[in-house]
Amino acid sequence: MLILGIESSCDETGVALYELPDGAGAGGRLLGHALHSQIVLHAQYGGVVPELASRDHIRRAVPLLRQVLAQTGRSLTDIDAVAYTQGPGLAGALLVGASFAESLAFALDVPVLPVHHLEGHLLSPLLSADPPSFPFVALLVSGGHTQLMRVTGVGAYELLGETLDDAAGEAFDKTAKLLGLPYPGGPVLAKLAEQGVPEAVHFPRPMLHSGDLNFSFSGLKTAVLTQVRGRELVEQERADVARGFQDALVEVLVRKAVGALRQTGLNSLVVAGGVGANRELRRSLNAQAARRKFRVYYPELEYCTDNGAMIALAGALRLQAGAQPKAAGSFSVRPRWPLADLNIVEA
Ligand code: KG4
Ligand code: ZN
């Protein structure tokens, strides 16, 4: 059974083909995927311009689909179901992917699977050669979300804690802007931080002792603002601020993730979402894992940020778990979509 996946929730258009074995057998595989990132398009504006994002998704959808079909040697008529990101994300951008997916499925007379973007992220480590097995704790750190979840199986997610304000990626991006770094700020700031001297600038670790698994990063961003406001920083000072910021944010993420493992009694941690690509976060989590005897699983770097493969995978695994696909035709998108609505089985 072939599932086509389509992602268009923000500034990346992704298309992928995932194959499920016939019958109830396990062992699906990704046949191929193609991605177009709009980074260059939005860079001159210092952030994502929603209208431009929507228009670019329109331009890219068909060529990317053709590319994936050519790459995998399959044709349109081989597709058995179409999974697409229904939310959360930018309304216009979601509408492009949703209408593309729904009309294609309608024309092919196959059903559709509207997928939650975050479910795609948190299942994405299952695409790697050494995948985790359920249950695990997921640390989801993207541009829009920062959440800790207990994942018991496909469609069984329990929220353990989340950010009360800015997401981790958002904090990276806003802080990068304060430091005059170009969009997308996260990876650029992370690179600059490598040149910074540890503890040359110390920032607070927000919510570290809150006694729960929630996060708050807007105060950290304000602390950076206070540090840099009205000053002309030389390159080394900017690197030191970047380092101080990254160290503070990473320490909070790591300590809370360890707290979630302790609270749930689990010993597998899955890290997903764009910030999961951060080298310092990985280094620090790996060090804790070695010390505290748990295992950390990361998606392959290409599946860390938004992509179609994780959406095809989430659709396929949902089907396998017994979720009912819907008939193509009428649809809506869900720019805001609470994770709690996602469960198909009890967490
Ligand atoms: O998951 P993602 O691609 O999109 C959302 O669903 O939000 O995450 C994008 C976020 C951005 O905020 C970006 O700055 C951040 O992930 N990011 C990073 C790194 N790579 C991407 N943040 C820190 N270090 C990185 N290496
Ligand atoms: Zn994402």
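So the values come out like this:
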item: Using alpha-carbon coordinates, inclination of helix 218-228 to the longest axis of the chain, degrees; result: 50
item: Average accessible area per residue (Å²) across the stretch 119-270 - probe 1.4 Å, nucleic acids and ligands excluded; result: 39
item: Theoretical ellipticity at 222 nm over the chain - DSSP helices of four or more residues, -39500 (n - 2.57) apiece, nearest 500; result: -13000 deg cm²/dmol
item: Peptides ranked, highest mean first, by Cβ atoms within 10 Å: ranges 300-313, 282-295; result: 300-313, 282-295
item: Under 5 Å, built H, 5+ apart or other chain: amide partners of GLY161; result: LEU148
item: Dipole magnitude of the chain about its Cα centre (Cβ charges: Lys, Arg +1; Asp, Glu -1), debye to nearest 20; result: 600
item: Non-local Lys pairs in the chain, i.e. 8 or more apart or on different chains, that have alpha carbons under 20 Å apart; result: 7
item: Residue-by-residue Karplus 3J(HN,Hα) for the stretch 28-45, coefficients 6.51, -1.76, 1.60, Hz, glycine and proline x; result: x, 8, 7, 8, x, 8, 9, 9, 10, 9, 8, 3, 4, 4, 8, 4, 5, 9
item: Highest-first arrangement of 105-116, 76-87, 6-17, where packing means the average Cβ count within 10 Å; result: 6-17, 76-87, 105-116
item: Residue among ALA314, ALA61, GLY73 farthest towards the positive dipole end of the chain, charges placed on Cβ; result: ALA314
item: Solvent-accessible heavy-atom area per residue, rounded to whole Å², over the stretch 1-69 at 1.4 Å; result: 45
item: Environment charge of ALA91, counting only residues whose C-beta is closer than 12 Å and scoring Lys/Arg +1, Asp/Glu -1; result: +1
item: DSSP-loop GluC sites (Glu not before Pro) across the stretch 158-254, with at most 13 other Cβ within 10 angstrom; result: GLU194, GLU199, GLU232
item: In Hz, Karplus ³J(HN,Hα) per residue of the stretch 284-294 (6.51, -1.76, 1.60; θ = phi - 60°; x = Gly, Pro); result: 5, 5, 5, 5, 5, 4, 5, 6, 9, 6, 10
item: Total charge dipole magnitude, the stretch 152-288, about the Cα centre, Cβ charges on Lys, Arg, Asp, Glu only, Debye to nearest 20; result: 140
item: Where the stretch 299-340 is the region considered: accessible area per residue in Å², 1.4 Å probe; result: 46
item: Label-to-label distance, nm, for residues given as GLN324 and ARG229 (7 Å Cα→Cβ offset); result: 5.6
item: Phi-based couplings in Hz for the stretch 131-144 (Karplus 6.51, -1.76, 1.60; Gly and Pro marked x); result: x, x, 10, 6, x, 8, 8, 10, 9, 9, 10, 10, x, x
item: Accessible surface of the chain, 1.4 Å probe, proportion on carbon and sulfur as whole %; result: 53
item: Contour minus Cα-Cα distance for ARG55 and ASP212 (0.36 nm per residue); result: 52.4 nm
item: In range of the label at GLU194: residues from the stretch 262-301 whose backbone nitrogen is under 11 Å from the point 7 Å along Cα→Cβ; result: 279-280
item: Where only alpha carbons of the chain are counted, the Rg and the Dmax (Å); result: 20.2, 65
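The values are calculated or read from the model by the stated rules, or taken from the named source; none is laboratory data. Computed from a predicted model, the values in this text were never measured in an experiment. Here Cβ is always computed from backbone atoms with ideal geometry, including for glycine, and neighbour counts include all displayed protein chains. Please note that ligands, DNA and RNA were not included when accessible areas were found on the heavy atoms of the full protein model with its side chains. Shrake-Rupley method; radii C 1.70, N 1.55, O 1.52, S 1.80 Å.
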